[in-house]
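Some notes on the structure that comes next.
The values are calculated or read from the model by the stated rules, or taken from the named source; none is laboratory data. Predicted model only: the values in this text are computed from it and were never measured. Ideal geometry is used to build each Cβ from the backbone, glycine not excepted, and the neighbour counts take in all protein chains shown. Protein only, heavy atoms only, side chains kept; ligands, DNA and RNA dropped before computing areas. Shrake-Rupley method; radii C 1.70, N 1.55, O 1.52, S 1.80 Å.
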Amino acid sequence: MTGDPAGTRGIRAMAMEEYGMEPAEAGPRETEAALRRLADVALLPGSLTSPQERSILDSVLAYAVTRLDATMRLRLAERLAPQADAPRELALALALDDIEIATPLLTEGLPLKDGDLIQIARDGTDEHRLLIAARKELSSAVADMLIEAGDTRLIETLLANRTADLSYRAIETLVRRSAAEPEFQAPLLARPELSVRLAQLMFWWVPPAMRLEILNRFTVERRHIHSAMEDMLDGRLADTALDIALSVVRRPRTFDKRRLAHMLGNGPAARAEELAADLAAEANIRPETMFRILKDHGGEPLSVFAKAVGMNRKEFGDLIVAAVDMRKGVGLPAKADLERIGELFDTISTDRADLALHCWDTGLANEVQANGGAGD
């Protein structure tokens, strides 16, 4: 004998009873009862229904689930959420439902895959997107989608989700946005994906405390690199772009003290361009980078530059005066500012300062190249 329909029906009935599924009752709510029964069958263990049957049930339920009342839809969403093999079309339909019903699936629902979450992010409401942004173990594909469409609140939620995987492209996008949206700056500094290059790019628009954090956390002594390369990178390369890129791994250069004294003691602000060009040439950086350092009102870049090229305290003071002279109409920095940048000069090592300096220069060179070579 090859089949026992009655026996199979009996097994299914017992399984339904075990899973708390009540038999449908005839009456005025026959439609709802039928849908509840379909849901009960769809949620039975896979061993009791064939994949094809489950697929049929999934499609029907996804289409018809809105006919159930909100209480029943919420119960269904809660039952679907912990089941990785639950009907996906039905899970997707409920995840796009009212936020109270969608919440169990959006926060931790196992049936939803990346493609489902991306669709929900596109088609759902701001509340749907916020719940997805806080979801554990969020993939970079979904995070990228949220960033593309997201407002400040959504992105702050995403950045605060330490289990989310953010792509390099996403981090770079947010770093650039942080210049105009300072709410992103502190969360970005806390992200493990933030690279040295992007942290040093962000350096230019963050407040003093964050600048010091970047210099402390995103500079490093390069002893191992210098030891491994051992005099191989002393000379300039014909390939200008590669030469700029390799500047971040070269040993620091020190100024000729007589030339430095001549540069800093040669006249007032009328010599701004000449001073910037001379200092840049001596430090092997772009004149545009030197202008940015001299014009920066925070003062930290001056400390870094001075330490990177081997200035002493007096020479650093002369550099501050020269920089202030270039900013027509602006007086000397306040005492607190001088103390802050003086402490930075005293505490940062020459090698770490040199790394930051050439990260800034390389970043500016890349910006110029990306903009079609303007400024070369």
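Things worth noting here:
- Full-stretch length increase - ASN312, ALA180 - with 0.36 nm per residue and alpha-carbon distance subtracted: 43.9 nm
- Region 59-128 shape via C-alpha gyration tensor axes, a/c threshold 1.5: rounded
- Contour excess over end-to-end distance, with Cα ends at VAL220 and GLU367 and 0.36 nm allotted per residue: 50.6 nm
- FRET efficiency, 1/(1 + (r/R0)^6) with R0 45 Å, evaluated for GLU343 and ASP114 via beta carbons: 0.40
- Stokes-Einstein D for region 251-303, Kirkwood Rh over Cα pairs, 4 °C, 1.567 mPa s (µm²/s): 111 µm²/s
- With Cα atoms defining each centre, region 124-146 and region 333-365 are spaced 38 Å apart in the structure.
- Within the accessible area of region 77-150 (1.4 Å probe), percent carbon and sulfur: 47 percent
- Computed from phi, the 3J(HN,Hα) profile of region 137-148 under the Karplus parametrisation 6.51, -1.76, 1.60 (θ = phi - 60°) reads 6, 5, 7, 5, 5, 5, 4, 4, 5, 5, 5, 4 Hz, with x in place of Gly and Pro.
- Diagonalising the gyration tensor over the Cα atoms of region 71-191 and scaling each eigenvalue by 5 before taking the square root yields semi-axes of 28, 13, 11 Å, largest first.
- Residues with amide H under 5 Å from that of LEU138, placed H, sequence gap 5 or more: ALA164, ASP165
- Accessible surface for region 132-228, divided over its residues, is 46 Å² per residue with a 1.4 Å probe.
- Estimated distance in nm for a label pair at VAL196 and ASP126, the labels positioned 7 Å out from Cα along Cα-to-Cβ: 4.1 nm
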